[in-house]
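Participant: Here you go, one structure.
Any read-out appearing in this document is the output of simple, stated calculations on the displayed coordinates, not a laboratory observation. These figures come from a predicted structure and were not determined experimentally. Here the Cβ positions follow ideal geometry from the backbone for every residue, glycine too, while neighbour counts run over all protein chains shown.
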Amino acid sequence: MEQYQWILLLLTIFMTGIFFFYHQSPTFSFYCKMFLFNGWIILMATILSPCITLFYGRRVENMKFMHLSILPLKNIYGIKFMVQGSENLNIKKPYVIVSNHQSCLDLLGMLEVMPERCVTIAKKELLYMGPVGWACWLCGLIFIDRKNKKSAMDVMNRVAQIMRQENLRVWMYPEGTRNPEDTLLPFKRGAFHLALKAQVPIVPIVTSSLKCCYSYKEKKLKPGNCTIRILPKIETQGLGLEEVTALAESTRKLMQETFYEISEDLHGEKEMKP
Ligand SMILES: CCCCCCCCCCCCCCC(=O)SCCNC(=O)CCNC(=O)[C@H](O)C(C)(C)COP(=O)(O)OP(=O)(O)OC[C@H]1O[C@@H](n2cnc3c(N)ncnc32)[C@H](O)[C@@H]1OP(=O)(O)O
Ligand SMILES: CCCCCCCC/C=C\CCCCCCCC(=O)OC[C@@H](O)COP(=O)(O)O
């Protein structure tokens, strides 16, 4: 046999093995899907980043490239988002969006509803993910070092200064990390300091439980329907920094109630856990 025939034969055996295990083992198929999910993001970032660097440089408008390149994942995985309350984002001025953070699928939900001129606050580790970090930087993401609180707060305080000048919306995950549970984590204060310092409203956005389509624990990634509810803005004008804790707690309570309300598998959940 010629060398290329050997290669073809080995490739066929390899692909047949993948196909076989994919259908036999849910865990294997989960890892394949996650590999494709991450692989797609890395591929898009690798293709787009050099072009964006060349033609546009770093600017918040580049988010639309992230949007266009990532949204096909929604169709590939059959995840449908039903958006409620889009009219609540018809605000011309800057504001802070706070959203719950369950898993990597939140990226799809975020891009589904993200308004124009919106930047996300992200952990600095993302910046070191090669082309993905480069793409995030080009889209204007703002990175914070969660292990260095002083530097994270300094960055947030600088954002408070520029968001009004540059008419920016800022998207934050106040839980500070992914949380697959049904009870939201206690909220970090950064988003609320930001809104109060910049004297801009807060818009809470709640994504229903993603357990219907994704669970890392159960090694599950399958098609499903999710609801994203955009709540009316919470005004902060005239409120002082002494209100940060109360504001964070009332916003969390509102988002937790909304989460129970829109998550089909949690209907009937009445008890609010602390
Ligand atoms: C082309 C294709 C490319 C595709 C690429 C794909 C890209 C994916 C993009 C998606 C990115 C999504 C990433 C999401 C994340 O990374 S989430 C993780 C990072 N985000 C956060 O952590 C935000 C939430 N955290 C906070 O807001 C924190 O408050 C923080 C600012 C980080 C500070 O941390 P910490 O100290 O732990 O917070 P506390 O809230 O507990 O605060 C402690 C006390 O400090 C006071 N405080 C807080 N902030 C301030 C401030 N700015 N100024 C003054 N004081 C502040 C706070 O009130 C607390 O005081 P008390 O204890 O109440 O007295
Ligand atoms: C040259 C180095 C090459 C490194 C290649 C890195 C590979 C990166 C693989 C895939 C990138 C996918 C990025 C998806 C980002 C989804 C956003 C997200 O969910 O971030 C998590 C963050 O909110 C909270 O983090 P933690 O829950 O605290 O943890």
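Participant: Across the Cα atoms of the range 79-181, what radius of gyration and what greatest pairwise Cα-Cα distance (Dmax) are found, in Å?
Facilitator: 14.1, 39
Participant: Still on this structure, please answer the following. Can you pick out the pairs among K147/K222; K124/K217; K123/K233; K93/K222 whose Cα atoms lie more than 27 Å from each other?
Facilitator: Violating the 27 Å Cα-Cα cut-off are K147/K222; K93/K222.
Participant: Further question on the same structure: Which of these, E257, E166, E175, has the largest mean-square fluctuation under a Gaussian network model of the chain (Cα springs below 10 Å)?
Facilitator: E166
Participant: How much net charge surrounds I79 when only the other residues with a Cβ under 10 Å from the Cβ of I79 are counted, with Lys and Arg +1 and Asp and Glu -1?
Facilitator: Once positives and negatives cancel, what remains is +2.
Participant: Just L127, L210, L241 to compare: in a GNM of the chain, with alpha carbon springs under 10 Å, which one fluctuates most?
Facilitator: Judging by the Gaussian network model, the answer is L241.
Participant: To continue, here is another question. Between the range 245-264 and the range 40-62, how many Å separate their Cα centres?
Facilitator: 35 Å
Participant: What residue among C226, C213, C51 shows peak mean-square fluctuation when the chain is described by a Gaussian network model with Cα springs under 10 Å?
Facilitator: Checking each option, the largest mean-square fluctuation is seen for C51.
Participant: What number results when the radius of gyration of the chain, computed over Cα atoms, is divided by 2.2 N^0.38 Å?
Facilitator: For the chain, the normalised Cα radius of gyration is 1.12.
Participant: Taking H placed 1.01 Å from N in the peptide plane, check which residues at least 5 places from F81 or on another chain put their amide H under 5 Å from its amide H.
Facilitator: Residues meeting the criterion, in which the H sits 1.01 Å from N, are C226.
Participant: For the range 25-92, compute the orientation-averaged projected area of the C-alpha convex hull (one quarter of its surface), in nm².
Facilitator: 6.6 nm²
Participant: Continuing with the same structure: If amide hydrogens are placed 1.01 Å from N in the peptide plane, which non-local residues have theirs closer than 5 Å to the one on K220?
Facilitator: Residues meeting the amide H criterion: S215.
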